[in-house]
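The values are calculated or read from the model by the stated rules, or taken from the named source; none is laboratory data. Predicted, not measured: the structure shown is a model, and the values here were computed from it. Ideal geometry is used to build each Cβ from the backbone, glycine not excepted, and the neighbour counts take in all protein chains shown.
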Amino acid sequence: MSNPFKYIFIALFTIGFSACEDELQLPDNTIEFESDQLGFGADETELLISINFSRTTSEAGTLSLSFETTGVVYGTDFTTEPASTAGVLSIDVPKDVTSVSFKVIKSAGVLLDGDESIEFSMASSVQSLVVGSKSTLSLTFGEILALAGSIDINGGGANYPNKVFIDLSAKRQTAVARTAWDLGFSSGDDFRVILNSSNGMMAMAVDKTDLNSVKAADTVGFGAKLSLDAVFAAINADTPPAWVPEAVTWIDDPAGDLSKTAIASISATANENKVYIVNRGNGLGSPPAQLGWKKIRIVRNGTGYTLQHADISATTFSEIQITKDSKYSFQYVSLTTGAVEVEPAKEKWDIAWTAFTNSTNFGSGPVPYYFQDVILQNMNGVGTAQVLSANIAYENFVEADLAGITFGTSQINIGSGWRSGGGPGSGPSLKTDRYYLIKDADGNIYKLKFTALIQSGERGRPAFDFELIKSAS
């Protein structure tokens, strides 16, 4: 029987824009599901689903979704957050956001065959709010293997507020606020800690192991060098200061080598672990908000970590205990809110879009340099390769053409190579002479072509097409 609430109704939501006749009119604000098809794995208990906007909302409002089910019953097999009322989900939309989300939650103890599904639908009659091509979403209660698709990356706009993890085979993206975390603690056999490079974070050790004994006097001169802005100013000076070659050691290795992190390996001997001064980098805004400075010290706690942290002038400190979880590459911590969830399980993503602290050579060796629109690859079994269209067109590349392809393992193997410009004196543009091959951890191989760097006149909203060319099964 057809659900009478088959359509989405959008009310109390307006895009406020009034202009004089001769002012530039903005394009319609388009709303779409993050994908037209998603799978809900048997090992997952809940799934966060995003609805993306083509630009930032100007006023608050409400979205209402309808859904039809096959093989599952609402309230028995699954629920949603927000809850459904008579078959409709009402989702609050705040002002100044680029996406909203809702959850589908599997009921405890429910066993499903994998062919059950929910179809969500949306439509709009609001003049300035236009439903895009992904107006329906089919959610299957089982793993899917996407054969092809198009993904608009929910980067969040010109201030690049999100880091976005993408799983091609699941046709899924996970957007995480880049300001949500500061440090990542390796879940591997090593004891390594990474910085949040998407905020331009940097760290330098002081020759002390007692956090309380470190004072402002120990940081004299740090403000003139322990920031990306300071490094950029230094390399442009008539006579660059002597510390410039050392600056690249204050960031993590851009290629992802965990033996070259700014913070040294955490020693099993506690008194060998020094105090670090960290510049948390920049947040959002224009000019961007400075996230501030902290002093930290990390020691081992059995098979995990203990993080000590405080303001520079503090005489006491707080502690956070971090436990390794082999399902994830890293456990993440914010120095303001504590433990946080950031990236998906290590087998649940292939590549990520982000702003990123890379390094570049201005003639006297590598120095830290901030790049927007960087593609990182998962270093847990994912490989990537670039193909030039002059050698074989994207449309023509098939499985037989994989012979001789070498897949790189550096996390910046794609990096910023898919686009041009964006630095001082140059505007960004998409490189249309190349595409990429992505081999996921399961052995599925996709070809991927970027189709947009800027959408609706705004950077931070890239897009790509992808297609499976070799299945692992």
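Side notes on the structure shown:
- Counting only strands (runs of 3 or more DSSP E) that sit wholly inside region 89-180, those with at least 3 residues that are not small (Gly, Ala, Ser) are 99-106, 117-121, 129-131, 136-140, 162-167, 172-177.
- Filtered residues of region 147-170 (kept if of a type in the set (A, V, I, L, M) and either closer than 17 Å to Asn378 by Cα or buried (at least 24 other Cβ atoms within 10 Å of the Cβ) (or both)): Ile153, Val164, Ile166, Leu168, Ala170
A quick yes/no check of all residues on (1) within 24 Å of the chain's Cα centre (by Cα); (2) surrounded by 14 or more Cβ atoms within 10 Å (Cβ to Cβ); (3) not in a loop (DSSP other than H, G, I, E, B):
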position	(1), (2), (3)
Arg300	no, yes, yes
His309	no, yes, yes
Tyr332	yes, yes, yes
Lys346	yes, yes, no
Ala355	yes, yes, yes
Asn358	yes, yes, yes
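- Against the numbered list (1) modelled with pLDDT under 90; (2) touching an Asp or Glu at 6+ places or on another chain (Cβ under 9 Å), Phe102 comes up short only at (1).
- Top-ranked residue in region 175-190 [being in contact with a strand residue (DSSP E or B) (Cβ under 8 Å, 6 or more places away or on another chain) and surrounded by fewer than 22 Cβ atoms within 10 Å (Cβ to Cβ); ranked as nearest to Ala148 (Cα to Cα)]: Val176
- A Cβ distance below 7 Å, combined with a sequence gap of six or more or placement on separate chains, defines the contacts here; from region 197-215, residues that are in a helix (DSSP H, G or I) reach residues that are basic (Lys, Arg) in the pairs Ser198/Lys163; Ser198/Arg178; Asn199/Arg178; Asn199/Arg280; Leu211/Lys295; Leu211/Arg297.
- Among the residues of region 267-290, those identified as surrounded by 21 or more Cβ atoms within 10 Å (Cβ to Cβ), in a loop (DSSP other than H, G, I, E, B) and not charged (D, E, K, R) are Asn273, Gly281.
- Of the residues making up region 238-265, those that are farther than 24 Å from Ala224 by Cβ and either buried (at least 20 other Cβ atoms within 10 Å of the Cβ) or hydroxyl-bearing (Ser, Thr, Tyr) (or both) are Ser259, Ser265.
- Matching option when the condition is surrounded by fewer than 17 Cβ atoms within 10 Å (Cβ to Cβ), in contact (Cβ under 8 Å) with a residue 24 or more places away in the chain, in contact with a strand residue (DSSP E or B) (Cβ under 7 Å, 6 or more places away or on another chain) and more than 30 Å from Thr306 (Cβ to Cβ), among Gln377, Gln386, Gln372: Gln386
- Of all residues in region 48-84, those satisfying the criterion of being of a type in the set (Val, Ile, Thr), outside any strand (DSSP E or B) and either crowded, with 16+ Cβ neighbours inside 10 Å or under 24 Å from the mean Cα position of the chain (by Cα) (or both) are Thr56, Thr57, Val72.
- Ala441 closer than 17 Å to Thr354 by Cα and within 19 Å of the chain's Cα centre (by Cα): no
- Checking each residue in region 425-459 for being under 30 Å from Leu145 (Cβ atoms) and of a type in the set (Val, Ile, Thr) picks out Thr432, Ile438, Ile445, Thr451.
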